[in-house]
Amino acid sequence: MKILVLNYRDLKHPQAGGAEVHLHRIFGRLASWGHQVTLATTSFKGAPEREVVDGIQVVRFGGDLFFQAHVALRLHGLLKEFKPDVIVEDLNKLPLFTPLLTRTPKFIQIHHLWRSSIFQEASFPIAFLVWAQERMIPWFYRGLPFAAVSPSTVKELGQLGIPERDVTLIYNGCEEEWTSLEPQREKGNYFLWLGRLRRYKGVWVALEAFKKFAAKVPDTKLIFAGGGPEASAMRQAVIRWGLQDRVEIRGWVSMEEKKNLLRNAVGLIQSSFKEGWGLTVIEAAACGTLSLASRAPGLCDSVKHEETGLLFESGNSSALAELMARVISRPEERKAFEGAARRFALEFSWEKAAKYTLEALQQTLDRTRVVRE
């Protein structure tokens, strides 16, 4: 099968996130199974225009701001050069409106919808543009096959106007390198927040919660591992609140350091207002660490409340502070959650996710042939 994937970023992009991890884990496997996979994506400073990454032919052009326009202008040339059997539109920022551009069979991969949460992250004009274009999805994508990574996203698509019969639920996987790690019997004295330091990710909720927690519980620390636009303001707040000895903002860390941080953390804090699933939650679970997560779409699927971790209402820093205190004061309960979390993580694999994706792509082609006949 010849597959053309359209996505705003590839895994080498400096701002790559969970969507890009998913893309490479899935389609890298499809490439290794003998399928021809091409990824059309944005460029970034120092990036070659073309290279092979994880067996995927990556073609880069333009940037985030005008990627929709670049795709519209270049898609015909890509179709002519690579002759794909199917186009996979990875819809995780603005829709690319591929149904308007070509009759080539299409498969839509979606992680989550922004909906009103975009107003937590972007200024009004940009946020309104994203919100409005999401509302257009049913007009232009109706009848096309979708894949979603969580029950929450399936539900949101239904609320938007995409019927459940058109959506295949394909969970994210978990790396074997995580599940093969031996859980730590004795944990460190810190909570961990892991990811991009962006407002919609709830970084300020976590920091404010820890401020309340630290006033009552001594010694325990909070480590932020990741970089992003909120880092500078957060460092200033740490100084202003007198938490320099209790809060570390480390920036991006190596894979080895990430593993050590997750294995030894008392708990992972995932305070985002919106996630498709929550890869870091499953990574933490795989190495025997529970998560304290906001009751947000995606996270309410990857964390089983009172079993593999604990959920709190999105944006409620006081509730999060209370859960942190609970985890510290109830070590036996925490250990029970850790064991359940690890067993849950072992249910997921990228091999299965790639297999189900390939089956869905084949069904897309079969359905298209029936319609044409």
Q: List every residue pair whose Cβ atoms sit under 8 Å apart, with the two residues 6 or more apart in sequence or on different chains, where the first one lies in the range 23-48 and is of a type in the set (Lys, Arg) and the second, anywhere, is outside any loop (DSSP other than H, G, I, E, B).
A: ARG25/TRP350; ARG25/ALA353; ARG25/ALA354; ARG29/TRP350; ARG29/GLU351; ARG29/ALA354
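Before we move on, is VAL130 within 15 Å of the chain's Cα centre (by Cα) and surrounded by 17 or more Cβ atoms within 10 Å (Cβ to Cβ)? Give the derivation first.
Working: within 15 Å of the chain's Cα centre (by Cα): no; surrounded by 17 or more Cβ atoms within 10 Å (Cβ to Cβ): yes.
It is false that VAL130 is within 15 Å of the chain's Cα centre (by Cα) and surrounded by 17 or more Cβ atoms within 10 Å (Cβ to Cβ).
Here is a yes/no grid of residues against (1) more than 30 Å from TYR356 (Cβ to Cβ); (2) surrounded by fewer than 20 Cβ atoms within 10 Å (Cβ to Cβ); (3) aromatic (Phe, Trp, Tyr):
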position	(1), (2), (3)
ILE170	no, no, no
GLU177	no, yes, no
GLU182	no, yes, no
LEU197	yes, no, no
LYS201	no, no, no
ALA206	yes, no, no
LEU222	yes, no, no
ALA225	yes, no, no
MET234	yes, yes, no
Q: Could you pull out the residue among ARG115, ARG60 that is out of contact with any Gly (no Cβ under 7 Å at 6 or more places or on another chain) and under 17 Å from GLU20 (Cα atoms)?
A: ARG60
Q: Name every residue in the range 276-319 that is among the small types (Gly, Ala, Ser), assigned to a strand (DSSP E or B), touching a Leu at 6+ places or on another chain (Cβ under 6 Å) and closer than 20 Å to LYS155 by Cα, in order of residue number.
A: ALA293
**Q.** Conditions (1) modelled with pLDDT of 95 or more; (2) part of a helix (DSSP H, G or I): number failed by ALA19
**A.** (1)
Q. Out of VAL52, VAL71, which single residue is farther than 30 Å from SER302 by Cβ, of a type in the set (A, V, I, L, M) and in a strand (DSSP E or B)?
A. VAL52
Q. Pick from the range 90-103 the residues that are more than 16 Å from the chain's Cα centre (by Cα) and touching a residue at least 40 places away in the same chain (Cβ under 8 Å): which of them is surrounded by the fewest Cβ atoms within 10 Å (Cβ to Cβ)?
A. LEU100
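The values are calculated or read from the model by the stated rules, or taken from the named source; none is laboratory data. Computed from a predicted structure; not experimentally measured. Note that we place each Cβ from the backbone using ideal geometry, even for glycine, and neighbour counts take in every protein chain shown.
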